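Notes to accompany the following structure.
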Amino acid sequence: MLCDALKNDFLALAPLAMVDTDYRAKGYHLDINLASSQVVQAATIMAGRGYTLEAVTGVDWLSSAAPKPAKKPAVAEGEEVPAEPPVAAVEEQMEVVYDYIHTGKELCRVVVRCRIPRANPELPTISEVFAGANWHERETHDFFGIRFLGHPDLSPLLLPEDADFHPLLKDFKV
Amino acid sequence: MNDLACSPNQETFVINLGPQHPATHGVLRVKLTMDGEYIVHAEPVLGYIHRMHEKMGENRTWAQFMPNTGRLDYLGALSYNHGYALVVERAAGIEVPERAEYIRVITVELNRIASHLLWYGAFVLDLGGFTPLLYAFDDREHILDLLESVTGSRLTFCYFRFGGVYNDIDDNFITGTRAFIKRLRSRLPDYHNLVTKNVILINRLKDVGMISAEMCRRYGATGPVLRGSGVCYDVRKNEPYSVYPELNFDIPVYGECDSMARYMVRMDEIEQSLRIIEQGLDKLPEGPVMAEKAPKIIKPPVGDYYAAVEAARGTFGIRVVSDGTNTPYRLKLRSPTFSNLSLYGEACQGMLLADALALMGSLDLVIPEIDR
Amino acid sequence: MALLEIEPFRLLIFLGGLIAFAALNAAYLVWLERKVAAHIQCRIGPKEVGPFGLLQPLVDGIKLMSKQLLVPGGVDPVLFKVAPLLVLVPAVMSFVTIPFGENLAARNIDLGLLMIFAFASVNVLGLLLGGWGSANKYAVISAARAVSQNVAYEIPMLITVITMIMVTHTMNLNEIVKQQEGMFWHWYLFRLSANPLMFVSFLIFFVCSLAETNRAPFDLGEAESELIAGFHTEYSGMGFGVFFMGEYANIVIGCSLATVLFLGGWQSPIGVASGWWWFLLKVYTLIFCVMWIRWTYPRTTLWGLLNLSWKVLIPISLFNLLLTGATIKLWSFFMGAA
């Protein structure tokens with residue numbers, strides 16, 4: 001089974017969290033939470049299993065705009081993303097989300113997440129492993145200001161060449 | 001042919017294709033470094049029609065974002081409606097009645113045919129054949145009239161709602177659609193005789209614009225681009241949603257990896273969509289078209305959700321992060337053509353300009369969908 | 001009629017007539033093209049201005065003339081302005097030797113055929129200068145394509161014409177038409193005693209004349225969807241208009257030559273009532289075929305185009321030449337022996 005094989009591969013990587021999710025409720029099968037130093041190895045594992053990268057995107061978890069019921073870490077909810085690492089709710093974070101899909105007969109949609117500090121958002125690029133990540137990471141940089149270390153050309157993709165603002169940040173004012 | 005282009009002592013010059021250009025459908029700029037007629041380096045430059053739909057998603061309620069989905073890929077807007085409706089219904093746990101599901105599938109497939117017909121006309125126009133465009137538009141008019149009678153729009157649809165569709169279809173639509181299916185089935189042989197079997201077209205497309213399955217995997221290309229490279233992946237079969245599991249249809253796959261393969265995939269998909277619509281009309285059940293228990297104000301539980309649908313150009317994926325309020329916290333639109341175009345720089349190295357344009361046409365680009 | 005005997009008056013009348021013919025053709029072939037295109041594409045075409053849109057060319061001409069003649073900065077002023085003329089003037093001058101009727105040729109030059117091809121070669125100079133002088137990268141690419149295309153297709157055309165000259169023994173166009181007197185099987189197209197592959201000769205000539213005049217499917221020079229408008233991208237108003245008049249005049253010359261060489265010129269197919277009406281009928285039928293082909297076929301690539309000429313048409317036309325020579329020799333041998 002593809003999902004089981006993947007889980008074995010990832011166990012070797014020692015992720016921060018790995019959860020089987022309910023596909024009918026969430027739309028994906030496997031939810032893996034990693035540290036920023038592990039994303040390239042994760043991408044290599046996925047490439048080795050024949051996966052393709054569907055999208056790379058970011059989410060801005062500005063704590064004042066964090067989910068209202070979850071003043072404390074959302075473990076209590078039971079419905080939240082269970083793979084949230086136990087950090088203090090004060091430190092502001094951004095999240096980079098990678099969506100992987102396999103184009104073969106077996107369906108196992110995988111979501112890989114990584115939380116990075118908002119004050120200094122950087123993590124390694126996976127564009128060496130998946131060439132398509134090049135544009136996705138440029139777009140994420142445009143929208144959030146996340147720096148992808150080792151990226152060949154992080155110039156604006158969708159915003160104008162001289163743009164120095166990042167529109168999808170929660171504290172962005174026009 | 002390819003090694004001629006990389007002679008280091010040749011002078012190269014940079015030429016701009018677009019953003020105003022008859023062949024780039026939409027505002028796309030491609031910076032080409034050319035060595036005579038050969039392309040040394042191609043770099044698409046995006047952002048000319050970037051409207052920041054993802055930010056708009058955060059400033060609107062869930063229901064208010066539905067019209068935005070129609071403005072992304074305006075040629076296949078109903079698929080985008082479907083993707084968004086699917087993800088919110090998944091998040092909020094709304095059940096869609098069966099009649100609505102069938103109506104959704106029928107209208108989405110009609111939209112897919114309309115999109116492919118326009119692609120066909122525009123693609124052959126790029127290659128210099130002016131006439132098929134008008135024949136395709138003639139057929140497309142029928143589809144647009146049918147869809148207008150039901151949805152009220154011809155192009156940028158906003159027909160689906162969370163829990164169903166807002167307007168039921170009537171008998172005129174059903175008889176009109178059946179008549180249209182018959183008409184298009186009689187026209188498709190003409191298209192194949194005049195265009196597909198035309199020796200000039202075959203010379204222009206065969207073995208031109210090779211995109212291997214491995215390149216598709218590295219770039220995340222999906223849709224007819226992937227199926228023209230021999231990989232049988234279609235979200236409707238691999239990750240079924242709506243009532244597709246109950247319908248009988250094939251996925252055309254061609255293994256030659258050239259522009260001709262991608263052309264044939266789309267032409268065959270038109271026929272398959274006709275089959276789906278026929279079966280959908282035959283199996284259409286009676287019933288409501290809107291879920292009774294659909295809440296007026298949507299507030300999905302906290303968390304993030306994902307849905308993927310097969311749009312005319314590939315996998316349209318949509319990821320929403322909900323914070324329990326009535327506006328999305330984050331809305332990510334995964335556009336198929338974005339990934340399809342990202343392989344253009346690598347794929348057209350060493351090609352002739354005319355071949356590179358044939359390749360671009362065979363990727364079926366809609367720039368507003370790329371730029372969002 | 002007596003006036004026609006006096007040389008200066010005759011010259012003036014013919015010159016006026018030819019220029020009027022060329023101008024009217026340029027104007028109304030555009031109308032014909034738009035109508036033909038429209039009906040092939042299931043539409044109607046121009047219909048508002050005048051009955052059946054017949055006044056449309058007049059209105060278009062006025063529009064073009066009223067536009068500003070933009071000369072972009074950085075162009076070579078002489079080349080830029082001379083290029084359209086180099087396309088139009090030789091075409092109009094070639095009309096001088098074309099026999100419209102038995103006595104309706106402005107000048108019956110003995111080397112008429114040679115003169116027409118000499119002028120036709122100047123056409124490519126016009127494209128080259130227009131493209132180069134425009135200081136626009138698209139135009140330069142297109143000019144380069146046009147030169148290679150024209151050179152490649154002149155060769156099979158000239159070889160085919162040499163084949164015909166071997167049969168007709170003369171380059172005087174009116175003489176050639178007179179040799180095709182009688183019922184339609186006397187036309188050179190059916191003269192299988194001279195060359196059993198005469199249909200092939202005609203086909204090669206027709207295809208080459210399509211390529212020489214840059215018509216689809218060989219219109220790489222003007223490939224709209226690739227190079228905006230090719231060598232005439234930077235031309236506006238009447239400059240563009242003159243290029244187009246030149247193109248249509250060249251089409252008429254090409255079809256007239258095909259008619260004179262292969263289809264009997266002004267000879268009637270049933271032997272009686274020959275005259276200029278038959279000539280015009282044949283020429284316009286061929287022009288209709290040229291337009292029909294344009295709106296049906298997509299465009300070839302540069303490779304396909306050059307391959308067709310160098311690898312297909314030239315070998316076939318050379319073979320044709322040899323075959324014609326052999327057939328004529330054998331035929332006269334057997335005719336002489338009999």
Subject >> Likely footprinting exposure, B:33, C:300, fewest C-beta neighbours within 10 Å first >> reply: B:33, C:300
Subject >> Cα centre as origin, Lys/Arg/Asp/Glu Cβ charges: region C:126-260 dipole, Debye >> reply: 260 debye
**OP:** Choose one answer from C:102, C:33, C:48: the residue with the largest mean-square fluctuation in a GNM of chain C with alpha-carbon springs under 10 Å.
**Re:** C:48
Subject >> Efficiency of FRET from Cβ geometry, residue A:107 and residue C:292, R₀ 51 Å, rounded to 0.05 >> reply: 0.45
Original post:
Treating the beta-carbon of each Lys and Arg as +1 and of each Asp and Glu as -1, no other charges, what is the dipole magnitude of region B:43-152 about its Cα centre, to the nearest 20 debye?
Top reply: 340 debye
Original post:
Which helices pass in chain C if a helix is a full DSSP H run, must span at least 20 angstrom along its long axis by Cα, and must have mean Kyte-Doolittle hydropathy not below 0.0?
Top reply: C:7-40, C:77-94, C:112-133, C:137-168, C:198-212, C:238-262, C:276-296, C:314-337
Original post:
residue C:165 versus residue B:134, label points 7 Å from Cα toward the beta carbon: distance in nm?
Top reply: 4.2 nm
Original post:
For chain B, what is the mean residue ellipticity at 222 nm derived from helices alone (per DSSP H run of n ≥ 4: -39500 (n - 2.57); sum divided by total residues; nearest 500 deg cm²/dmol)?
Top reply: -14500 deg cm²/dmol
**OP:** Please list, in chain and number order, the residues 5+ apart from residue A:16 or on another chain whose amide H is under 5 Å from its amide H, with Hs placed from the backbone.
**Re:** A:33, A:34, A:35
Subject >> Options C:98, C:62, C:206, ranked by Cα towards positive dipole end of chain C, top entry (Cβ charges) >> reply: C:206
**OP:** May I ask for the net charge around residue B:227, where only other residues with Cβ less than 10 Å from the Cβ of residue B:227 are counted and Lys, Arg are +1 while Asp, Glu are -1?
**Re:** -1
Subject >> In Hz, Karplus ³J(HN,Hα) per residue of region A:44-55 (6.51, -1.76, 1.60; θ = phi - 60°; x = Gly, Pro) >> reply: 5, 4, 5, 5, x, 8, x, 7, 10, 8, 8, 7
Original post:
Taking the Cβ of residue B:163 as the center, what net charge do the other residues with Cβ under 13 Å away carry, scoring Lys and Arg +1 and Asp and Glu -1?
Top reply: +1
Subject >> Förster-model FRET efficiency, 41 Å R0, residue B:206 and residue B:183, C-beta, rounded to 0.05 >> reply: 0.85
**OP:** Please report the relative contact order for chain C, taking Cα pairs under 8 Å with a sequence separation of at least 6, and give it as a percent rounded to a whole number.
**Re:** 24 percent
Subject >> the protein assembly as shown: radius of gyration over Cα atoms, expressed as a fraction of 2.2 N^0.38 Å >> reply: 1.14
**OP:** Could you tally the net charge around residue C:37, taking each other residue with its Cβ under 9 Å from the Cβ of residue C:37, Lys/Arg +1 and Asp/Glu -1?
**Re:** +3
Original post:
Any idea which of A:117, B:129, B:84 is furthest toward the positive side of the dipole for the protein assembly as shown, if Lys and Arg beta-carbons carry +1 and Asp and Glu beta-carbons -1?
Top reply: B:129
**OP:** In nm, give the distance between the simple-model label positions of residue C:151 and residue A:20, each being 7 Å from the Cα along the Cα-to-Cβ direction.
**Re:** 7.2 nm
Original post:
Can you give the calculated 222 nm mean residue ellipticity of chain C, where each DSSP H run of n ≥ 4 adds -39,500 (n - 2.57) and the sum is split over every residue, rounded to the nearest 500 deg cm²/dmol?
Top reply: -22000 deg cm²/dmol
Original post:
Assigning unit charges at the beta carbon (Lys, Arg +1; Asp, Glu -1) and nothing else, what dipole magnitude in debye, to the nearest 20, does chain B show about its Cα centre?
Top reply: 740 debye
Subject >> Gaussian network model of chain C, springs between alpha carbon atoms under 10 Å - residue of C:233, C:213, C:301 with greatest fluctuation >> reply: C:301
Original post:
Projected onto the charge dipole of chain C (+1 at Lys/Arg Cβ, -1 at Asp/Glu Cβ, origin at the Cα centre), which of C:116, C:308, C:269 gives the Cα projection farthest towards the positive end?
Top reply: C:308
**OP:** At 7 Å along the Cα-to-beta-carbon direction for both residue A:44 and residue C:329, put a label point, then send me their distance in nm to one decimal.
**Re:** 7.7 nm
**OP:** Go from 0 up to the bin containing the longest alpha carbon distance in region B:53-340, width 10 Å each, and give me the % of pairs per bin.
**Re:** 6, 28, 35, 22, 8, 1
**OP:** Could you work out, residue by residue across A:50-59, how many beta carbons of other chains sit within 10 Å of that residue's beta carbon, and then give the average as an integer?
**Re:** 6
**OP:** Shielding by partners for B:137-143, please: the mean number of other protein chain Cβ atoms within 10 Å of each residue's Cβ.
**Re:** 1
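Taken together, the values in this text are just the output of simple stated rules run on the coordinates, not laboratory data. Small disclaimer: the values here were computed from a predicted structure and weren't measured. So basically every Cβ, Gly included, is an ideal-geometry build from the backbone, and we count neighbours across all protein chains shown.
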